1. Restricting attention to segment 357-400, which residues are at pLDDT below 95 and either in a helix (DSSP H, G or I) or among the aromatic types (F, W, Y) (or both)?
2. Can you name the residue in segment 375-400 that is within 22 Å of S26 (Cα to Cα) and in contact (Cβ under 8 Å) with a residue 24 or more places away in the chain and, of all such residues, is most open to solvent (accessible area, probe 1.4 Å)?
3. Can we say D317 is more than 20 Å from the chain's Cα centre (by Cα), away from the ligand (no atom under 16 Å from the Cβ) and free of Cβ contacts under 8 Å to residues at least 60 places away in the same chain?
4. If you scan segment 167-186, which residues turn out to be in a helix (DSSP H, G or I) and within 16 Å of the ligand (Cβ to nearest atom)?
5. Just a yes or no: is a residue in segment 64-71 of a type in the set (S, T, N, Q) and in a loop (DSSP other than H, G, I, E, B)?
6. Consider M23 against the criteria (1) out of contact with any strand residue (DSSP E or B) (no Cβ under 9 Å at 6 or more places or on another chain); (2) of a type in the set (A, V, I, L, M, F, W, C); (3) within 16 Å of the ligand (Cβ to nearest atom): it satisfies all of them except one. Which criterion is unmet?
7. Which one of L66, L39, L31, L54 is open to solvent by less than 80 Å² (accessible area, probe 1.4 Å), within 16 Å of the ligand (Cβ to nearest atom) and not β-branched (V, I, T)?
8. Going by what's in this entry, would A98 be described as of a type in the set (A, V, I, L, M, F, W, C), part of a helix (DSSP H, G or I), surrounded by 20 or more Cβ atoms within 10 Å (Cβ to Cβ) and touching a His at 6+ places or on another chain (Cβ under 6 Å)?
Amino acid sequence: MKEEGLSQEKILRRINRILGNDMNYSSGKILGSMCTKPLRFTNTIYTHHLDKNLGDPGLWVGTWSLERDAIRMIGKLLHNPEAVGYLVTGGTEANLIAVRTARNHRHYYNTKNEIIVPESAHASFDKAADLMRLKIVKVPLNEEYSVDIEAVKEAISPNTICLVGIAGTTSLGTVDDVKALSDLAIDNDIHLHVDAAFGGFVIPFLKELGHDIRDFDFTFEGVRSITIDPHKMGLGPIPAGGIIFRNSEVIGTSYFDIPYLAGGHIRQATIVGTRSGASVIAMWATMKHLGRKGYREIVKKCMNITNLVARGIDEIDGVRLVRNPVMNVVGFTSDVYNIYKIDKELRRRGWAVGLFPDMIRIVVMPHVEECHVEKFLFDLEKITNKLVPEPTPFHVYART
Ligand code: 0PR
């Protein structure tokens, strides 16, 4: 930092110049992100409340009451009016809190140490296992890319403290058989956590639109907690993740006492202390404003465009869908071309897709329009026409 500060105009000019290097959602080139542009209304509200800190909720009792109301709204979406929880920094923190709560269960604290997750689980579970020194057991997927229930059954041991099911996997958007997982969790008295970070704001609306998609929420007795992220398909601002518990008893072993706060003594189960009130207020307002109808329309548009992408990929020689999309996530691969080279060529043309070990992922978020997808398919076809057939060195998984 220099002794003398710069003028605001000079700084703004510099910011504009530097941020010119950022990508932006409106370009339509961001095809591999699970975040999107919030509504202008959401942004306006967010920027008005940047000083609100839910780490000390006694000072911000109005904001705090909006958080409880937002959690109630999300709880009802997940068929549980008794739900309790927090809006946190994202899916990673939400999953950390869930695993910690499972670990703290009075029957197994300090004696049991294994969590069972599908192979498709997000890296946040590796982080949780690492931070809490738990053993993470990864269970293979079946032919439809959801977790193999028989394999979960076999993996359960006297040391298991938590089963994880995913509703909207990071790679393909598939939904695990949460009913079967719930039965296993009840039979074995294990915490079942559902990671619906992405699918939580998609599946309920797909159901309302008549899609045949699996249930995943508190309707199943064994589900004790759910991650559902506003800053993905909830159209909330960053940061906004959600961790929702079946009831206050489930979360009861996870509180830390923080007695000295300016707003008075609280109990807190979040990982972070100081926490964005602006995110909570903006998210509450976004849900109130969109209502189920608003979300349904957004999901409908995303699915229409998803179907366009899927059909388009199907029609291009040399590439193929990994599976029919269940929600607005599309995975494709190639038996003819090196997909890492396809990814490289797409990037050269400005497309930001997701590259997984064996496929390329597209997420059709609300900022993706039909015209973007048409341009993308045009480029993809051009690339495949130009590439020399060559197998993908799947063992490499590096940008070539
Ligand atoms: N659970 C699932 C199922 C997820 O897909 C993700 C993130 C998380 C948990 C963790 O959420 P946070 O990132 O909020 O902690 N899924 C995205 C992914 O890894 C995150 C993302 C978002 C990546 C935007 C890229 C991007 O541009 O693909």
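The values are calculated or read from the model by the stated rules, or taken from the named source; none is laboratory data. Keep in mind that what you see is a predicted model, and the values were worked out from it rather than measured. Please note: Cβ atoms are built from the backbone with ideal geometry, for glycine as well, and neighbour counts cover all protein chains shown. Heads up: the accessible areas ignore ligands, DNA and RNA and are worked out on the full protein's heavy atoms, side chains in. Shrake-Rupley method; radii C 1.70, N 1.55, O 1.52, S 1.80 Å.
1. Passing the criteria: F394, Y397.
2. So, considering only residues that are within 22 Å of S26 (Cα to Cα) and in contact (Cβ under 8 Å) with a residue 24 or more places away in the chain, the one most open to solvent (accessible area, probe 1.4 Å) is K375.
3. When the stated conditions are applied, D317 does not pass them.
4. V178, L181
5. No, every residue in segment 64-71 fails to be of a type in the set (S, T, N, Q) and in a loop (DSSP other than H, G, I, E, B).
6. M23 satisfies every listed condition except (1).
7. L31
8. yes
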